[in-house]
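Engineer: Have a look at this one before I ask anything.
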Amino acid sequence: MHLLIRWLLAPLARFLYRPDVSGAERIPLEGPIIFASNHRAALDTAVIPMVAPRVVRFLGKAEYFTGTGFRGRMMARFVSALGYVPVERGNAQAGLSALEAARKVLDAGEAFGIYPEGTRSLDGRLHRGHTGVAALALATGARVVPVALAGTENLQPGGRKIPRICRITVTFGEPLDFSRYEGMENSPAIRRAVTDEVMYAISELSGQEYVDRYHKRPGEAA
């Protein structure tokens, strides 16, 4: 399944959508890296691996991997081939479990994708980042590659099932090295400073207006 996606489906998607990609040559081809991206649409998680020169792993709901019957088994195989890492959600330990799962990916020398905003931006602006990206970078020594996506929010307007053909832009920035903070991963101030540096780099790439507060979806408490 992985080979089918990597050598058939991904090239077909690139041919159909012809994404405008820049900065891919900056991506380290070996060692642990974190792709830290703005978040415009649900399909962002498919777009980044489609154009990156490395396999990129993202967190996925554990229930994607535990379905029964033929359909459930095929879903599990498909999301595994996409590089998703199963993680439990909706409980008090979910955040810690997610960080631990991500850390295992990085400790293995692989690439991990994360959206520091924590959720999709509904207003087109770039919002304050959560410090999980810093915690991972500081704990593992992974470099952080800032990513700016544009146009992915137009792929499925109105919730349409089949993505439409539209212009997509993916920009990879220079990898950020935070080794100067080695041994300081437990400092909240350092984690905030690292996260803010990552968000600034994403903002520079994307040209989005930056909002220094966490993004809240409709119905969430302020």
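Each value in this text was obtained by applying a stated rule to the coordinates, not by laboratory testing. Here the structure is a predicted model, which is why all the values come from computation and not from measurement. Because the Cβ atoms are built from the backbone with ideal geometry, glycine has one as well, and the counts that use them run over all protein chains shown.
Engineer: To the nearest Å, what is the center-to-center distance of segment 38-61 and segment 123-201, using C-alpha atoms only?
Structural biologist: Between the Cα centre of segment 38-61 and that of segment 123-201, the gap is 12 Å.
Engineer: Additional query: Along the Cα→Cβ direction, 7 angstrom out, place labels at TYR210 and ARG164. What is the inter-label distance in nm?
Structural biologist: In this crude label model, TYR210 to ARG164 measures out at 3.3 nm.
Engineer: When Lys and Arg each count +1 and Asp and Glu each count -1, what net charge do the other residues less than 15 Å away from ILE168, Cβ to Cβ, add up to?
Structural biologist: Within the 15 Å Cβ shell, the charges total +2.
Engineer: Here's another thing I want to ask about it. Given R₀ = 22 Å, what would the calculated FRET efficiency be for ARG125 paired with ARG192, taking r from the Cβ atoms and rounding to 0.05?
Structural biologist: The computed FRET efficiency comes out at 0.65.
Engineer: Near the amide H of GLY60, under 5 Å away, which other amide H atoms are found, from residues 5 or more places off or on another chain, if H is placed in the peptide plane?
Structural biologist: For GLY60, the qualifying residues are VAL85, VAL87.
Engineer: In whole Hz and in residue order, list the ³J(HN,Hα) couplings for segment 198-205 that follow from phi through the Karplus curve 6.51 cos²θ - 1.76 cosθ + 1.60, θ = phi - 60°; x for Gly and Pro.
Structural biologist: These are the phi-based 3J(HN,Hα) values: 5, 5, 5, 5, 5, 4, 4, 6 Hz.
Engineer: How large is ³J(HN,Hα), in whole Hz, for each residue of segment 22-36 in order, when computed from phi with the Karplus curve 6.51 cos²θ - 1.76 cosθ + 1.60 and θ = phi - 60°, using x for Gly and Pro?
Structural biologist: Couplings: 9, x, 4, 5, 7, 6, x, 8, 9, x, x, 9, 10, 8, 10 Hz.
Engineer: With θ set to phi - 60° and the Karplus curve 6.51 cos²θ - 1.76 cosθ + 1.60, what are the ³J(HN,Hα) couplings of segment 170-182 in order, to the nearest whole Hz, using x for Gly and Pro?
Structural biologist: 10, 10, 9, x, 5, x, 9, 10, 10, 5, 5, 9, 4
Engineer: Still on this structure: For MET184 and LEU29, what is the calculated FRET efficiency with R₀ set at 22 Å and r taken between the beta-carbons, to the nearest 0.05?
Structural biologist: Plugging the Cβ-Cβ distance into 1/(1 + (r/R0)^6) gives 0.20.
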